């Protein structure tokens, strides 16, 4: 009788509600949305829908999406703290890896369409043009962050060293904005640069303020 009562009470207990951010479909949905820009660019390339200069369009579009995903990645922690939605942390790794995915596409587009995969010429171009050197430096710094974004890497490095390594994101954000600024300097068009600089400055400023406030309290 007691066993029957326990089982029936468990069955009668209402199921725990799962929030939208914790739903098992949330990650696949974010994955699909993050792939949409790539799918759209790929479709445009196949159908000659990238304008008169498709190579330039691909290079610029992949660069823009790199900056957007960098902003999204850096926004996760402030939004999680401000809103109290701890489940937002589930998407930070994925967004960070998509930042790397799009910067890799950006580099490949430049190497292929502008330079024809001529490695010596690419090396000369990187050394000759400061804005390309800065962008390539940001890519190099982002590579170890993408490579160590997995649980095994965190265990191997240790939490403290892993956190110190991933503070490179501050330098990466600065280099990305400088790369974008120099690229637009030739056309004297800084409107978008100012927008991204303001967003990244706000997000990074919040992180610094949060760290300083935590140390002051401690």
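For the condition within 17 Å of residue 68 (Cα to Cα), assigned to a helix (DSSP H, G or I) and modelled with pLDDT of 95 or more, what is the one hit in 108, 97, 145, 140? Working first, answer last.
Details: 108 fails: within 17 Å of residue 68 (Cα to Cα); 145 fails: within 17 Å of residue 68 (Cα to Cα); 140 fails: within 17 Å of residue 68 (Cα to Cα).
On inspection, the qualifying residue turns out to be 97.
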Practice task
Evaluate the following for residue 55: is it loosely packed, with under 11 Cβ neighbours inside 10 Å, over 15 Å from residue 104 (Cβ atoms) and at pLDDT below 95?
Solution key: no
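Among the listed residues 172, 122, 132, identify the single one that is at pLDDT 95 or above and either touching a strand residue (DSSP E or B) at 6+ places or on another chain (Cβ under 6 Å) or within 21 Å of residue 211 (Cβ to Cβ) (or both). Write out each step before concluding.
Details: 122 fails: either touching a strand residue (DSSP E or B) at 6+ places or on another chain (Cβ under 6 Å) or within 21 Å of residue 211 (Cβ to Cβ) (or both); 132 fails: either touching a strand residue (DSSP E or B) at 6+ places or on another chain (Cβ under 6 Å) or within 21 Å of residue 211 (Cβ to Cβ) (or both).
Exactly one residue qualifies, and that residue is 172.
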Exercise for the section: Look at residue 77 and say whether it is in a helix (DSSP H, G or I) and modelled with pLDDT under 95. Expected result: yes
Practice task
Could you please let me know if residue 194 is free of Cβ contacts under 8 Å to residues at least 24 places away in the same chain, surrounded by 11 or more Cβ atoms within 10 Å (Cβ to Cβ) and more than 15 Å from residue 96 (Cα to Cα)?
Solution key: yes
Exercise for the section: Scan region 37-50 for residues that are assigned to a helix (DSSP H, G or I) and over 14 Å from residue 105 (Cβ atoms) and jot them down. Expected result: 43, 46
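The values are calculated or read from the model by the stated rules, or taken from the named source; none is laboratory data. Not measured: the values here are computed from a predicted model. Please note: Cβ atoms are built from the backbone with ideal geometry, for glycine as well, and neighbour counts cover all protein chains shown.
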